[in-house]
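**Student:** My structure is below; once you've seen it, I'll send some questions.
The values are calculated or read from the model by the stated rules, or taken from the named source; none is laboratory data. None of the values given here were measured: they were computed from a predicted structure. All Cβ positions, even for glycine, are placed from backbone atoms using ideal geometry, and neighbour counts span all protein chains on display. Ligands, DNA and RNA are stripped out before the accessible areas are found, and what is left, the full protein with its side chains, is counted by its heavy atoms. Shrake-Rupley method; radii C 1.70, N 1.55, O 1.52, S 1.80 Å.
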Amino acid sequence: MVAAANLVEVAALVGDTARATMLNALMGGQSLTATELAYCANVSRATASGHLSKLVAARLLTVTRERRFSYYRIASPLVATMLESIKVVAAIEVPPRRHPRSANDDALRFARSCYDHLAGKVGVAITDTLVAMGHVVLTDEGGEVTPSGERFFTTFGIDLRPRTRRIFCQPCLDWSERRYHLKGLVGARILDRLLQLGWLKCVSDSRALQLTPSGRTGLSEIFQIEINNEGVPARRLSDLRQLTA
């Protein structure tokens with residue numbers, strides 16, 4: 001009964017429109033003030049503060065105070081996984097309804113931050129390539145970096161040490177693509193490296209990530225991923241033949 005009561009409490013907190021909007025705004029992994037979150041949720045600062053206090057008390061968010069400001073962020077990868085899973089379920093519609101798509105919707109579907117790792121079409125395409133190259137092995141239950149994968153990541157400038165208690169490598173079902181991208185330490189380090197190289201850059205006031213010209217070139221050269229004019233990633237056929245030969 002205690003577990004059921006806790007489930008009801010968390011579901012009620014996440015089910016409120018304003019709180020859900022603020023949680024979604026924080027899924028990019030950044031910290032935001034109550035004023036910024038109030039703007040995102042289209043509520044007053046006082047109302048936002050009340051919502052945020054409840055989310056902090058339920059340990060869905062943490063708050064850090066610096067001088068005059070309080071900064072809120074998602075409390076843990078576990079909370080982020082829960083929120084992303086809810087989005088996966090919410091995306092299932094029987095029968096499906098037609099929704100008007102905005103430019104921001106398309107940008108989020110192309111590439112976005114999922115708490116601390118890469119999601120969207122680009123995230124799925126990179127995961128597919130790593131699996132096809134034999135660098136990562138994925139099952140529905142977990143993931144593993146192979147010896148060739150360790151060499152690949154090292155050459156690419158990604159240090160997978162230290163292996164802390166957090167999840168190392170695991171599939172994460174992408175809500176927009178309905179296929180896996182990578183989460184855990186491996187997924188986080190990949191996103192960090194792509195941002196560091198300038199292949200991706202953050203979009204203001206959005207979880208969307210923009211692919212830069214150098215990123216388009218890098219995806220082609222390192223991951224054999226070509227982005228067509230419609231923004232659809234695909235592996236080069238010649239490389240697919242070599243990988244499966």
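**Student:** In nanometres, what is the gap between the two model label sites at GLU141 and VAL89, each 7 Å from Cα along Cα-to-Cβ?
**Tutor:** Output for this residue pair reads 2.3 nm.
**Student:** Given points 7 Å out from each Cα along the Cα-Cβ axis, report the GLN196 to ASP159 separation in nanometres with one decimal.
**Tutor:** Taking the simple label geometry, GLN196 and ASP159 are separated by 0.8 nm.
**Student:** If you place +1 on the Cβ of every Lys and Arg, -1 on the Cβ of every Asp and Glu, and leave all else neutral, what size is the dipole of the chain about its Cα centre, to the nearest 20 Debye?
**Tutor:** Magnitude of the dipole: close to 500 debye.
**Student:** If you place +1 on the Cβ of every Lys and Arg, -1 on the Cβ of every Asp and Glu, and leave all else neutral, what size is the dipole of segment 24-92 about its Cα centre, to the nearest 20 Debye?
**Tutor:** Approximately 240 debye in magnitude.
**Student:** Which order do ASP192, ASP140 take when ranked by solvent-accessible area (1.4 Å probe, heavy atoms of all protein chains), largest first?
**Tutor:** Listed by decreasing accessible area, they come as ASP140, ASP192.
**Student:** Then there's this: Take SER53 and ARG178, extend 7 Å from each Cα along the Cα→Cβ direction, and tell me the distance between the two endpoints in nm.
**Tutor:** Reported label-point gap for SER53 and ARG178 is 4.3 nm.
**Student:** Let me ask another. When the accessible area of the chain is split by element with a 1.4 Å probe, what percent falls to carbon and sulfur?
**Tutor:** Heavy-atom surface of the chain belonging to carbon and sulfur, 1.4 Å probe: 55 percent.
**Student:** Something else about it: How much net charge surrounds ALA119 when only other residues with a Cβ under 11 Å from its Cβ are counted (Lys, Arg +1; Asp, Glu -1)?
**Tutor:** Net charge around ALA119: +3.
**Student:** Restricting to DSSP H runs of at least four residues, report the calculated mean residue ellipticity at 222 nm for the chain, -39500 (n - 2.57) per run over all residues, nearest 500 deg cm²/dmol.
**Tutor:** Roughly -15000 deg cm²/dmol at 222 nm, from the helical runs in the chain.
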